[in-house]
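The values are calculated or read from the model by the stated rules, or taken from the named source; none is laboratory data. If you're wondering where the values come from, they're calculated on a predicted model, not measured in any experiment. Glycine gets a Cβ as well: all are built from the backbone with ideal geometry, and neighbour counts include every protein chain shown. Protein only, heavy atoms only, side chains kept; ligands, DNA and RNA dropped before computing areas. Shrake-Rupley method; radii C 1.70, N 1.55, O 1.52, S 1.80 Å.
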Amino acid sequence: MRHREDSVSHQRTERGGKQTMVSGFDLTLAETKYFWSWFIFGSIMTVETRHHLWRSWGFCPRHTWAHAVVECEVWGGRPFGTAILYEDLIGRACAATKTTVLPRGPIRWRLRGKASCLACDYIAIAHGASDEFYADRCARINRRLRVSALLLETEPLWRASACPLCLGGRGIVCRSHILAGATGLDRNLSDQLADLRQRLALYVRSMTWQGPEATPQARISWIEALAWFAGWDFPCALASQPRSTAIASE
């Protein structure tokens, strides 16, 4: 999927349109270089980057999942930095939706991105990033072995906790459907997001030295958090692959 298509998908989501299905999700060299070298090992730690991510509510749908995939493949299947970032963003969403009357218009305005996707911005000026140094890394990431294992082993849990409008689950109505004008929102939306943040915090601690053991619901919290912002297309598409395909070429 090329950058232009990514941008259109992002715009449709932010404007409340129907999300497109994940297809051709393989990352380009430019995307690999951005997440591997620039973001995960650098700009994620800067104040300016974090403020931009607050305004944009993270990345566009494609790059939300790309960030997690790169981190899982680089760090042995642990989405540690991803979970920290989305614990922060879910906490901010919890505050943005905290109201007793749930006026849908103001909530949609608060949850609408006010800045661009940082990854899309980089790729737009990367001129293809034909750096062959990243070719092996790109191929490794695009096998998605580790993230596939995480999604497959927890699939029954996250499907049950998915957005009811996306997958018929019992979870939180996702941000994309809220932006699209979903009616009948649970008036405990802020409380639901607060619960998700608590489970994310436990999952983050479980990945630290001598941290507590994560509960099953904590183990899927990072998937729920990313899907709340970016939709459920990617985990569903990846989980639908035959298991032998997901683990074929280590």
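Structure data summary
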read-out	value
Spin-label pair residue 47/residue 215, simplified geometry with 7 Å Cα→Cβ offset, distance in nm	3.7 nm
Theoretical gain in end-to-end length, residue 38 to residue 25 [0.36 nm per residue, Cα-Cα removed]	2.7 nm
Ranked order, 133, 39, 80 - accessible area, probe 1.4 Å, largest first	133, 80, 39
Efficiency of FRET from Cβ geometry, residue 112 and residue 132, R₀ 45 Å, rounded to 0.05	0.70
In range of the label at residue 99: residues from the stretch 173-213 whose backbone nitrogen is under 19 Å from the point 7 Å along Cα→Cβ	173-194
Alpha-carbon centroid distance for the pair the stretch 24-97 / the stretch 144-217, whole angstrom	17 Å
Local electrostatic count, residue 44, Cβ distance below 14 Å [Lys/Arg +1, Asp/Glu -1]	-3
Accessible area in square angstrom per residue, the stretch 42-159, 1.4 angstrom probe	45 Å²
Gain upon complete extension [residue 183, residue 198; 0.36 nm per residue less C-alpha separation]	2.8 nm
Cβ-derived FRET efficiency at R0 35 Å, residue 84 paired with residue 237, nearest 0.05	0.85
Of all accessible heavy-atom area on the stretch 32-86, the percent that carbon and sulfur account for (1.4 Å)	67 percent
Relative contact order for the stretch 140-250, counting Cα pairs under 8 Å that sit 6 or more residues apart, in percent	38 percent
Spatial extent of the stretch 131-176: Rg and Dmax, with the Cα atoms as the point set, Å	15.7, 45
